[in-house]
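Please treat every number below as a calculation from the coordinates, not as lab data. Quantities reported herein were computed from a predicted structural model and do not represent experimental measurements. Using ideal geometry, Cβ is built from the backbone for each residue, glycine included, and neighbour counts are taken over all protein chains shown.
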Protein chains: 2
Amino acid sequence: MDYLKNMGSRAVSAARELNLLSEEAKNRALLVAADKLCEKSEAIIAANAKDVECAERAGMSPALIDRLRLDEARVISMADGLRQIAALASPLGEIVMETTRPNGLNICEKRVPIGVIGIIYESRPNVTADAFGLCFKTGNAVILRGGSDAINSNITIADTLRAAISECGICGDAIQLVTDTSRETVRELMRLNGYIDVLIPRGGAGLIKTVVETSTLPVIETGTGNCHIYVDESANLDMARDIIVNAKTQRLGVCNACESLVVHASVAERAVPIIVEALREKGVEIRGDERARAIVPDIKPALEIDWGREYLDAIISLKIVDGTDEAIAHINKYNTKHSEAIITENEENAEKFLAEIDAAAVYVNASTRFTDGFEFGFGAEIGISTQKLHARGPMGLCALTSTKYVIRGNGQTRG
Amino acid sequence: MDYLKNMGSRAVSAARELNLLSEEAKNRALLVAADKLCEKSEAIIAANAKDVECAERAGMSPALIDRLRLDEARVISMADGLRQIAALASPLGEIVMETTRPNGLNICEKRVPIGVIGIIYESRPNVTADAFGLCFKTGNAVILRGGSDAINSNITIADTLRAAISECGICGDAIQLVTDTSRETVRELMRLNGYIDVLIPRGGAGLIKTVVETSTLPVIETGTGNCHIYVDESANLDMARDIIVNAKTQRLGVCNACESLVVHASVAERAVPIIVEALREKGVEIRGDERARAIVPDIKPALEIDWGREYLDAIISLKIVDGTDEAIAHINKYNTKHSEAIITENEENAEKFLAEIDAAAVYVNASTRFTDGFEFGFGAEIGISTQKLHARGPMGLCALTSTKYVIRGNGQTRG
């Protein structure tokens, strides 16, 4: 615990220093950090090779090993990420609101850094550079706790980043990595109140759940997406098919992929065969309710458990409903409040869906795959919030800031 | 637990209904609720008398009994509060951001209700009407858990409000009161994930701490304020004295009252006697460090524990420092990040203080007592956030809303 409190105090001091740093100084340091990552790419790849070897010996799945593995191209892409962050406009200092009260007090709400941000993530080592870049750009010190699988990679990357900013005359404690990867230490990290202002978990549903249940710090929940597409009565079926294939298959293991289809009964006879055929061509397994199986008998039956599943795989569930109300009720019951779409040519149904669906992003006639900081034009993304406090949906730089009221008076007292 | 889950589901349904209600319908219902409170004032005061009698028998302090007690004037003031809320502009539907992407997608970030808000509070029964009004205005269902001391008052007030909105054709479950005031039930309430979107504790430091440590829901921390006033070298000492007396004594038991003074050594000889005399006239006890006691020997010594204390009483601590840097370091070490003020005629020191002090509200030449939703012109206040997520400082209606991305396309898929 002293280990973490010590890191915490150093992070608080570093955050105070970052808060006073100019925009230019931060951007310069990000560019130096990018160069250093490229320079050190051999050492980073060598450290990563140790992690990959351990993971292979431990029997990690090829998909996970692929997430863990770094090569020259991936290191360069980490460096490019930092350069892109340096080029973005900073939200710091923005005046959110200003007013002068009848008593003459001038009240100004300004955008400021949060302070110290904790990030807990899984096996992708590129998150180390990425999360550092976003936090540093917004004037926050960061305490990173990556997966134990990636510990050698993460140490090397974090050391490189520390050295780079130190070289620019900035306190290296702006980025600290928790190298003690024991369960007790991560548990204490989640309860480091007084040092960490916000904790952001990045990873699968299990990690998010553990953090939410254990942490006493303010948390931003990210990521799980049981996303639906509803094919309305009036849908253009070619459009529906293309959007569904894209949302399901363009990338399988992502939170904004479509996991469940809902089809209006009055178009089901025509729509379901077209959609099923297109998905099957892409190797997707379809699990349907009884009404869907009455149309396409050779699909698997959907069980109750399927409606709430985030497959992250080549599987999709399919339900037939009698109208927009039933579709909305079904989606609001089973969704994770991430991204939901309606395919329709009927404006009234579109507006009803947009108003009544409870989710971070609601779409008319577009793929759920667009829920993404880059696609939204934010230029960066720290994750996709599925909670309703602070930030909802894709989080760009602004989500890593807080505000402060600055009040100027000339002797005002309260009557 | 089934008791709470049942309340939770009913709150979720009510929230869906409120989300679709027009601004006019909500305002009308608030006015009816205000009238009903006045009509039922005898019953409310009778229920409250039972609570007061129990509290007196249990030996509750006169100050707390005063907070608990309702009379005709206080009931009318609750009703007026609802009428004022009805008259405010609603933040719902506000377009926070809108953009059309190169691929033609139109992305619009809209202000929407949060959904279900849980509020845990202590003995003031007026919070029941107040919290309902603010949540209802912003389209949120509310689950209230007031102090067990006020249970009879709260039941009568909540029943009156439920009856009023039901009479307007709105689901009464928009306001629900947890009448089982056992510790186990409040603990489960704090962990009612999937039903409650945000939990707001309103009360003393002990309550806030328990909620932060126990809750698995997103929490907005409110209220504790160890607020400082720093008298700089160049301060106008008459102004300093007036502001300090106001910030300390205008109301003792509130979070934005000043609890600690910091004085620049080079004006201490002149400033300290003036300030001490003015505070003593108001019956305030001063606890000073050694340097302060060298100037005014008959004040009590301040112990280390005094620097971190929120007295909420006629006591103040006093420290002498050698400059703005030391003042800032001292304040940032001991404050609760609520409200801090500098009294100075030196612009450079003022700007330094505003930039470097980590607090929700930072003042130049004004009393910390202004940190308040009404004083800031928000027209309402649900509490003062001392955390950095979502809302910081006084929270008006906007703090009770979330946002939603509404995306309109014409068949876009991701490449």
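Across peptide A:355-363, the mean count of Cβ atoms from other chains lying within 10 Å of each residue's own Cβ comes to 5. Inter-copy label distances at B:Arg183, shortest first and taken from points set 7 Å along Cα to Cβ: 2.8 nm. Chain B's nearest residue to the axis relating it to A, judged by Cβ and reported with the distance in whole Å, is B:His390, 2. Evaluating 6.51 cos²θ - 1.76 cosθ + 1.60 at θ = phi - 60° for every residue in region A:118-123, the Karplus couplings come out as x, 10, 10, 9, 9, 7 Hz, glycine and proline recorded as x. For chain B, adding -39500 (n - 2.57) for each run of n ≥ 4 DSSP H residues and dividing by the number of residues yields -13500 deg cm²/dmol at 222 nm. Taking amide hydrogens as placed 1.01 Å from N in the peptide plane, the amide H of A:Gly323 sits under 5 Å from those of A:Ala265, each at least 5 positions away in sequence or on another chain. Shown in residue order for region B:215-226 are the 3J(HN,Hα) couplings computed by the Karplus curve 6.51 cos²θ - 1.76 cosθ + 1.60 at θ = phi - 60°: 6, 9, 8, x, 10, 9, 6, 10, x, 6, x, 9 Hz (x for Gly and Pro). Placing +1 on each Lys and Arg Cβ and -1 on each Asp and Glu Cβ, with no other charges, gives chain A a dipole about its Cα centre of roughly 1500 debye. Report the one residue of A:Leu318, A:Leu68, B:His338 whose Cα lies farthest in the direction of the positive end of the charge dipole of the protein assembly as shown (charges on C-beta: Lys and Arg +1, Asp and Glu -1; origin at the Cα centre). After comparing all options, I get A:Leu68. Computed over chain A with a Gaussian network model linking Cα atoms closer than 10 Å, the most mobile of A:Ala257, A:Ala131, A:Ala205 is A:Ala205.
For region A:227-370, DSSP calls about 0 percent of its internal beta bridges antiparallel.
Structure remark: mean-square fluctuation, Gaussian network model of chain A, C-alpha springs under 10 Å; the largest value among A:Asp238, A:Asp197, A:Asp149 belongs to A:Asp238. Pairs of Cα atoms nearer than 8 Å and 6+ residues apart set the relative contact order; for region B:167-245 it is 24 percent. Name the residue from B:Thr185, A:Ile175, A:Ile45 whose Cα lies farthest towards the positive end of the charge dipole of the protein assembly as shown, charges +1 on Cβ of Lys and Arg and -1 on Cβ of Asp and Glu. Checked the options; the winner is B:Thr185. Looking at chain B, the DSSP beta bridges with both ends there are about 30 percent antiparallel. A Gaussian network model of chain A, with springs between Cα atoms under 10 Å, assigns the largest mean-square fluctuation among A:Lys333, A:Lys36, A:Lys248 to A:Lys333. Each residue in B:Leu161, A:Leu68 was given a count of other beta-carbon atoms within 10 angstrom of its own, and listing them fewest first yields A:Leu68, B:Leu161. Please rank B:Met97, B:Met395, B:Met78, fewest neighbouring Cβ atoms within 10 Å first, as an exposure proxy. Ordered from fewest to most neighbouring Cβ atoms within 10 Å, B:Met97, B:Met395, B:Met78 come out as B:Met97, B:Met395, B:Met78.
Annotation for region B:238-289 versus region B:377-391: alpha-carbon center distance of 27 Å.
Label-point distances for B:Asp80 to the equivalent site in the other copies, using a point 7 angstrom along Cα→C-beta, read 6.5 nm when ranked shortest first.
What dipole magnitude, in Debye to the nearest 20, does the protein assembly as shown give about its Cα centre under +1 on Lys/Arg Cβ and -1 on Asp/Glu Cβ? It would help to have the intermediate numbers written out before the result.
Values: 92 positive and 116 negative charges, 111 e Å.
Using only the charged Cβ atoms, the result is roughly 540 debye.
Taking the DSSP beta bridges with both ends in the protein assembly as shown, the antiparallel portion is around 30 percent. Taking each of A:Lys209/A:Lys333; A:Lys26/B:Lys333; B:Lys337/B:Lys404; A:Lys209/A:Lys282; B:Lys282/B:Lys352 in turn, the alpha-carbon distance tops 21 angstrom for A:Lys26/B:Lys333; B:Lys337/B:Lys404; A:Lys209/A:Lys282; B:Lys282/B:Lys352. The other copies place their A:Glu281 label points at 8.8 nm from this one, listed shortest first, where each point is 7 Å from Cα along Cα→Cβ. Assuming charge only on the beta carbon of Lys and Arg (+1) and of Asp and Glu (-1), the dipole of region A:1-152 about its Cα centre is about 440 debye to the nearest 20.
The H on the amide N of A:Met97, modeled in the peptide plane, is under 5 Å from the matching H of A:Glu109, each at least 5 residues off or on a different chain. What's the FRET efficiency of B:Cys38 with B:Asn236 using the Cβ-Cβ distance as r and R₀ = 60 Å, to the nearest 0.05? E(calc), rounded to 0.05, equals 0.80. Taking amide H as placed 1.01 Å from N in the peptide plane, the amide H of A:Lys300 sits under 5 Å from that of A:Ile286, A:Gly288, each at least 5 places away or on another chain. Region B:156-200 and region A:127-189 have Cα centres separated by 43 Å. Here the Karplus relation 6.51 cos²θ - 1.76 cosθ + 1.60, evaluated at θ = phi - 60°, turns the backbone of region A:399-415 into coupling constants of 5, 9, 10, 10, 10, 9, 8, 10, 10, 10, x, 9, x, 4, 10, 8, x Hz, with x for every Gly and Pro.
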